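The values are calculated or read from the model by the stated rules, or taken from the named source; none is laboratory data. Because the structure is a prediction, the values reported are computed rather than measured. For neighbour counting, all protein chains shown are included, and Cβ atoms are generated from backbone atoms with ideal geometry for every residue, glycine included. In case anyone asks, the SASA skips ligands and DNA or RNA and just uses the protein heavy atoms, side chains included. Shrake-Rupley method; radii C 1.70, N 1.55, O 1.52, S 1.80 Å.
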Amino acid sequence: MKKLLSVLLLIIAFSSLSACGKQGNSQPVSDDPTNGINNGLKSNEYGDTVTDYGTQAYEKTSFEIGKDDQPFFISKTGMNISNGSGEYTFYNNTLYYYDNKVQKAVIACGKPDCQHITNVDEGESDCNAFFPNSIFYFDKGYAYYNDNIYMLGRGSDSDNSVSLYKISSDASKREEVLKLFETSDINNIGVFTIHRKYAFWSLNTQKGTQLFRMNLDDKKVEQVFRENDNGVFITRFIGAGDYLYFSYSYATDESYDNWDGYICRLNIHSGQTKKLINTTGCYTVMNNKIYYFDSNKFFQCELNGENNSNFIDAPDDSWLIVGDTKYLYLTNWDNEITDSSSYKIFVVSTDGKIIDTIPISDCEFFRGGLSDNLYIETTDRKLKVFAKNQIGTGKYNWKTIYTVSDTGEVILNE
């Protein structure tokens, strides 16, 4: 986790302070948190006291694939998104799709007779699955919603503009939905996701952090959260029911040696936010509970942050958590005090029992997984999948989706 915070700190420290937004037929914003409300955007009042709608429907969590999104920790190239039948993932500017039924990966291109030549550096390719990262910012997060893939990318009218793009499921159609903002440095972009007809993204600079939403129906953009603390940044969006949960951290001293933060909840209908839990630990939301780490302990509480209680002690220095509709998955991967030979995934039931322990000694990056599978990248340049129906059977068969050769060539389904 220290390694992760160091990377984020470098991004914040070297990002540009501000950029001017151009007025036009879109709703651009500056990447300066102090200027957000001067760009025609609504800024709601937020704090610890929030009036919610008060009905059971607004408390109920849901993870319907394609409607509710639960990306893995910080949205980045290493995450997978699901359409309910399989998962999409990126490698080297190329979009891949793993079909759960046939248990095979394909290049996500529906073009007949395409040779899928995508192993090019910032060049051009006729393959639908090619997404040059000079244009498409899938490393900031991407989402599957209503049979389309959404992500941020460079605007068509300016190298500094950022737009929302909608891509068809076979990647054959790409639509620039709306220019959203201008930024002098794309590293100012924090995380992005879609949840229940709203697009959400954060902007992190040395001056603070902002959270924005855009209604996909009327394309109205609003600033819904802002903090101007030292080195503050937003991480981890989790959509659950009629709420978007997010966490933010900030330095408590100018030397960036000490950090504090909160898990927050945004009501996607009212646009109001509430600070729920004072922690910088990793968290997830499932089955009407929030589960989170703090000081090597694993806690649970109600969705409103109340009735907080110790869940279990974190097994083997686990620090990272993802969840689906059945289990919690804890891992000590990338914990600097744990040797890589001892990396494991702990499968935990919602009543606090460890159901299974899955060894991942060759793990280079843990991708998590919301639906049928868990994913890891390995130290020998493979992407592997673990079918969750193996949990509790004593079998730990990891199927290789693809292998990357020394020359960068991808070999599918070894």
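Values for this structure:
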{"quantity": "Failed item, numbered, when residue 307 is tested on (1) more than 27 Å from residue 352 (Cα to Cα); (2) open to solvent by 40 Å² or more (accessible area, probe 1.4 Å); (3) free of Cβ contacts under 8 Å to residues at least 24 places away in the same chain", "calculated": "(1)"}
{"quantity": "Members of the range 360-396 found to be part of a loop (DSSP other than H, G, I, E, B) and either over 18 Å from residue 328 (Cβ atoms) or free of Cβ contacts under 8 Å to residues at least 60 places away in the same chain (or both), listed by number", "calculated": "360, 361, 362, 379, 380, 381, 392, 393, 394, 395, 396"}
{"quantity": "Test: residue in the range 154-172 that is open to solvent by less than 30 Å² (accessible area, probe 1.4 Å), closer than 24 Å to residue 403 by Cα and more than 18 Å from the chain's Cα centre (by Cα)", "calculated": "yes"}
{"quantity": "Verdict on residue 188 being surrounded by fewer than 19 Cβ atoms within 10 Å (Cβ to Cβ) and either within 22 Å of residue 85 (Cα to Cα) or at pLDDT 90 or above (or both)", "calculated": "no"}
{"quantity": "Index of the failed condition, residue 230 passing every other in (1) open to solvent by 30 Å² or more (accessible area, probe 1.4 Å); (2) part of a loop (DSSP other than H, G, I, E, B); (3) over 22 Å from residue 205 (Cα atoms); (4) not β-branched (Val, Ile, Thr)", "calculated": "(3)"}
{"quantity": "Residue count for the range 184-205, restricted to those that are closer than 17 Å to residue 266 by Cβ and among the charged types (D, E, K, R)", "calculated": "2"}
{"quantity": "Selection count, the range 206-224, where residues are under 17 Å from residue 188 (Cα atoms) and not in a strand (DSSP E or B)", "calculated": "2"}
{"quantity": "Positions within the range 233-252 being under 23 Å from residue 293 (Cα atoms), open to solvent by 10 Å² or more (accessible area, probe 1.4 Å) and assigned to a loop (DSSP other than H, G, I, E, B), in sequence order", "calculated": "252"}
{"quantity": "Total residues in the range 123-153, condition open to solvent by less than 20 Å² (accessible area, probe 1.4 Å), assigned to a loop (DSSP other than H, G, I, E, B), touching a residue at least 40 places away in the same chain (Cβ under 8 Å) and in contact with a Ser or Thr (Cβ under 8 Å, 6 or more places away or on another chain)", "calculated": "3"}
{"quantity": "Only one of 400, 325, 357 that is outside any strand (DSSP E or B) and surrounded by fewer than 18 Cβ atoms within 10 Å (Cβ to Cβ)", "calculated": "325"}
